[in-house]
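Can you keep this structure in mind? I'll have questions shortly.
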Amino acid sequence: EFMAALMNSMIGNLNKIPEYIEECKSLNIKVLRPDINESYTKFAVINGSIRFALASIKNVGENAIEEIIKERKQNGKFLSFTNFCERVAGEQVNKKCIESLIMAGAFDEIEKELTRFDLLDNYEKIVDNVNNTRKNNYINQINLFDLQHEEVNNNIIIQKSENKPTKKELLNMEKEILGLYVSGHPLEEY
């Protein structure tokens, strides 16, 4: 709790956070990458580990974070990437925000079958499909009897990327979006 509070006091300071993460490692405290179902605005202690703050991800604003957390509290955890897009994609949680969440590894736990490259290759198509479905529903004015059968189009097939990301590529994505390496370090293998 102390280390999480210390990191929360330095959110946005990319010089201090890596020092604190190193200190956590020396104290055998795991610092986990962001997770769409477990992360909060600030660094949080979850099951004896520190979960990375959503506020530390580039291009993810406070309004987007509030929207994600509010939806998660009201309707439960996100079941998949498309489920996430159906529930929160819009003005606050825009394409740039979603791209940053993918690069930070926030969907790695709910999409174990897919790589970050798979999601990066398909997220725009999924968000556009969700937005078009919402527009069509608004134009067609759903009546009360249709509400029982209302479903967002789940016929979206995520095409797998031919490229499998290497550990180095995943770490570079984290470095670009978070400003530091969270799930490892490029020199660990040496």
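The values are calculated or read from the model by the stated rules, or taken from the named source; none is laboratory data. Quantities reported herein were computed from a predicted structural model and do not represent experimental measurements. Using ideal geometry, Cβ is built from the backbone for each residue, glycine included, and neighbour counts are taken over all protein chains shown. When the accessible area is computed, the model is the full protein with side chains, heavy atoms only, and any ligands, DNA or RNA have been set aside. Shrake-Rupley method; radii C 1.70, N 1.55, O 1.52, S 1.80 Å.
Could you tell me which of rounded, prolate or oblate describes the stretch 1-61, using a ≥ b ≥ c as the square roots of the eigenvalues of the alpha-carbon gyration tensor, with rounded for a/c under 1.5 and, failing that, prolate when a/b is larger than b/c and oblate otherwise? Spell out each step's value before the answer.
Values: a/c = 1.87, a/b = 1.18, b/c = 1.59.
Judged from the Cα gyration tensor, the stretch 1-61 comes out oblate (a/c at least 1.5, b/c at or above a/b).
Using heavy-atom solvent-accessible surface (probe 1.4 Å) with all chains present, what is the largest-first order of 108, 128, 121?
Working: 108 35, 128 65, 121 105 Å².
The ranking, largest first, comes out as 121, 128, 108.
Once phi is turned into ³J(HN,Hα) by the Karplus curve 6.51 cos²θ - 1.76 cosθ + 1.60 with θ = phi - 60°, what whole-Hz value does each residue of the stretch 107-123 show in order, with x for glycine and proline?
Rounded to whole hertz, the list is 9, 4, 6, 8, 10, 5, 6, 10, 8, 4, 5, 4, 5, 5, 6, 10, 5.
Quick one: what are the phi-derived ³J(HN,Hα) couplings along the stretch 37-44, Karplus 6.51/-1.76/1.60 with θ = phi - 60°, whole Hz, x for glycine and proline?
Those phi angles translate into 9, 10, 6, 10, 4, 10, 4, 10 Hz.
Report relative contact order for the chain in percent, whole number only (criteria: Cα-Cα under 8 Å, sequence separation at least 6).
Working: 222 pairs, mean separation 36.8, N = 190.
Contact order relative to length: 19 percent.
Here's another thing I want to ask about it. For the chain, give the percent of accessible area contributed by carbon and sulfur heavy atoms, probe 1.4 Å, rounded to a whole number. Before the final figure, lay out each step's value.
Numbers: 5320 of 11230 Å².
Using a 1.4 Å probe with all protein chains present, the chain comes out at 47 percent carbon and sulfur.
Evaluate the charge dipole of the chain about its Cα centre and quote only its size in Debye, nearest 20, assuming +1 on the Cβ of each Lys and Arg and -1 on the Cβ of each Asp and Glu. Intermediate results must be reported in sequence, preceding the final value.
Numbers: 24 positive and 30 negative charges, 42 e Å.
Approximately 200 debye in magnitude.
Calculate, axis by axis, the spread of Cα positions in the stretch 31-110 along the three principal axes, and write the results as whole Å, longest axis first.
Between the extreme Cα coordinates on each principal axis of the stretch 31-110 lie 33, 25, 20 Å.
Using a Gaussian network model of the chain with C-alpha springs under 10 Å, which one of 115, 133, 41 is most mobile by mean-square fluctuation?
133
When the solvent-accessible surface of protein heavy atoms is calculated with a 1.4 angstrom probe, in what order do 123, 20 fall, highest first? Provide the component values of the computation, followed by the final result.
Details: 123 15, 20 40 Å².
So, going from the largest accessible area down, we get 20, 123.
Match the structure shown to one of the listed values (1) 1.12; (2) 0.99; (3) 0.93 of Cα Rg over 2.2 N^0.38 Å, computed from it, and give that label.
(1)
Continuing with the same structure: Positive end of the charge dipole of the chain (Lys, Arg +1 and Asp, Glu -1 on Cβ, about the Cα centre): tell me which of 9, 119, 100 has its Cα farthest that way.
9
Okay, moving on. Pop a pseudo-label 7 angstrom from the Cα along the beta-carbon direction at both residue 160 and residue 6 and give the gap in nm to one decimal.
If labels sit at residue 160 and residue 6, their model points lie 4.3 nm apart.
Positive end of the charge dipole of the chain (Lys, Arg +1 and Asp, Glu -1 on Cβ, about the Cα centre): tell me which of 78, 39, 132 has its Cα farthest that way.
39
Once the whole set of protein chains is in place, how much accessible area is left on residue 43, using a 1.4 Å probe, in Å² to the nearest 10?
Estimated to the nearest 10 Å², residue 43 gives 10 Å².
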